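Input: a single structure, listed below in C-alpha cells.
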C-alpha cells in the first residue's frame, strides 16, 4: 500500500470515528453533566481530523 493511500485511509477512518462519537453522544442523557461531557467527546476526534487534514 502506498503512503498516499494510507494517508487517505487514516483520514477516512478519522471521519468514521468522529461520526461514531457523535452517534454515541446523541444517546447521552440531556443533563448538564452529559452536555459538558458531550462537548469534550465531540471536540477531540474533530480536532484530530482537522490536524491530520492539514498535513
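General remarks:
- Longest to shortest principal axis, alpha-carbon extents of segment 3-53, angstrom: 44, 17, 7
- Relative contact order of segment 3-53: 50 percent, from C-alpha pairs under 8 Å at least 6 residues apart in sequence.
- Contour minus Cα-Cα distance for residue 46 and residue 16 (0.36 nm per residue): 9.7 nm
Laboratory data are not the source of any read-out in this text; all were calculated from the coordinates shown. Keep in mind that what you see is a predicted model, and the values were worked out from it rather than measured.
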